[in-house]
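The values are calculated or read from the model by the stated rules, or taken from the named source; none is laboratory data. From a predicted model like this one, the values you see are computed outputs, not experimental measurements. For neighbour counting, all protein chains shown are included, and Cβ atoms are generated from backbone atoms with ideal geometry for every residue, glycine included.
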Amino acid sequence: MKKITPFLWFDGKAEEAMNFYVSIFKNSKAGKVTRFGEGGPAPKGTVMSASFELEGQEFTALNGGPHYKFTPAVSFFVNCQTQAEVDELWEKLSAGGQKLRCGWVTDKFGVTWQIIPSILGELPHDKDPVKSKHVMQAMLQMEKIAPERRPCPEISPRRSTSTLPR
């Protein structure tokens, strides 16, 4: 186990969530599923926790009950290399959940994700303040971040250094 591992609290859906996430991310794998025994807070054989890995990051999902819920105050940032990757993850993670602004989605379990093209780590911090301003204004109007679909010259397909490959 890594030194820091996100520990996600679910209400009876830890194994379902693990299987959902592992089915979405290409470099992922399901790990150990632990079940409650006799005398536990849930019926014997019920899933207590599930471990899994997404893109090299370890996670643990716990069936802790209805006491706590997820909020967008904590989210997972997914750095996408292509627009096709953004499109795929955006659609899969938002299925049954909610599409938010600026590349954020909340999945069907309530976990919030930021699905962001890697180029957006560079463009808003450009040395040209006008360019940076245009990029930020365009991004704030988007739900799913799609640089080549915006009418902003700084992030349009006509400027090949600023667009994502398909």
**OP:** Of the numbered conditions (1) in the same structural domain as residue 146 (by TED's automatic domain parsing); (2) of a type in the set (D, E, K, R); (3) touching a Ser or Thr at 6+ places or on another chain (Cβ under 9 Å), residue 91 fails exactly one; give the number of that condition.
**Re:** (3)
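Yes or no: region 43-55 includes at least one residue that is under 20 Å from residue 117 (Cα atoms) and either assigned by TED's automatic domain parsing to the domain that holds residue 135 or in contact with a Leu (Cβ under 7 Å, 6 or more places away or on another chain) (or both). Write out each step before concluding.
Going through region 43-55, the residues under 20 Å from residue 117 (Cα atoms) turn out to be 54-55.
Going one step further and asking which of them are either assigned by TED's automatic domain parsing to the domain that holds residue 135 or in contact with a Leu (Cβ under 7 Å, 6 or more places away or on another chain) (or both), we end up with none.
Among the residues of region 43-55, not one is under 20 Å from residue 117 (Cα atoms) and either assigned by TED's automatic domain parsing to the domain that holds residue 135 or in contact with a Leu (Cβ under 7 Å, 6 or more places away or on another chain) (or both), which makes the answer no.
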Original post:
Checking residue 43 against (1) of a type outside the set (Ser, Thr, Tyr); (2) assigned to a strand (DSSP E or B); (3) free of Cβ contacts under 8 Å to residues at least 40 places away in the same chain, which single condition isn't satisfied?
Top reply: (2)
Subject >> Residues of region 1-33 classified as loosely packed, with under 15 Cβ neighbours inside 10 Å and of a type in the set (Ser, Thr, Tyr), total >> reply: 2
Subject >> Residues within region 46-66 that are surrounded by 11 or more Cβ atoms within 10 Å (Cβ to Cβ) and over 22 Å from the mean Cα position of the chain (by Cα), tallied >> reply: 4
Original post:
How many of the residues making up region 12-62 are touching a strand residue (DSSP E or B) at 6+ places or on another chain (Cβ under 6 Å) and of a type in the set (Gly, Ala, Ser)?
Top reply: 11
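Quick one: which residue in 164, 140, 123 is surrounded by 20 or more Cβ atoms within 10 Å (Cβ to Cβ), more than 29 Å from residue 23 (Cβ to Cβ) and modelled with pLDDT under 70?
Answer to the selection: 123.
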Original post:
Failed condition for residue 128, given (1) among the charged types (D, E, K, R); (2) crowded, with 19+ Cβ neighbours inside 10 Å; (3) modelled with pLDDT under 95, with all others met?
Top reply: (2)
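Counting only residues that are part of a strand (DSSP E or B) and in contact (Cβ under 8 Å) with a residue 40 or more places away in the chain, how many does region 19-40 have?
Qualifying residue count, region 19-40: 0.
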Original post:
Among all residue pairs at least 6 apart or on different chains, which show Cβ distances below 9 Å where the first residue, located in region 63-74, is of a type in the set (S, T, N, Q) and the second is in a strand (DSSP E or B)?
Top reply: 63/9; 63/10; 63/47; 63/48; 63/49; 63/50; 71/112
Original post:
Which residues, counting only those in region 81-110, are in contact (Cβ under 8 Å) with a residue 60 or more places away in the chain and in contact with a strand residue (DSSP E or B) (Cβ under 7 Å, 6 or more places away or on another chain)?
Top reply: 83, 86, 89, 93, 107, 109
Original post:
Which of (1) within 29 Å of residue 145 (Cα to Cα); (2) outside any strand (DSSP E or B); (3) of a type in the set (A, V, I, L, M) does residue 61 not meet, given it meets every other one?
Top reply: (2)
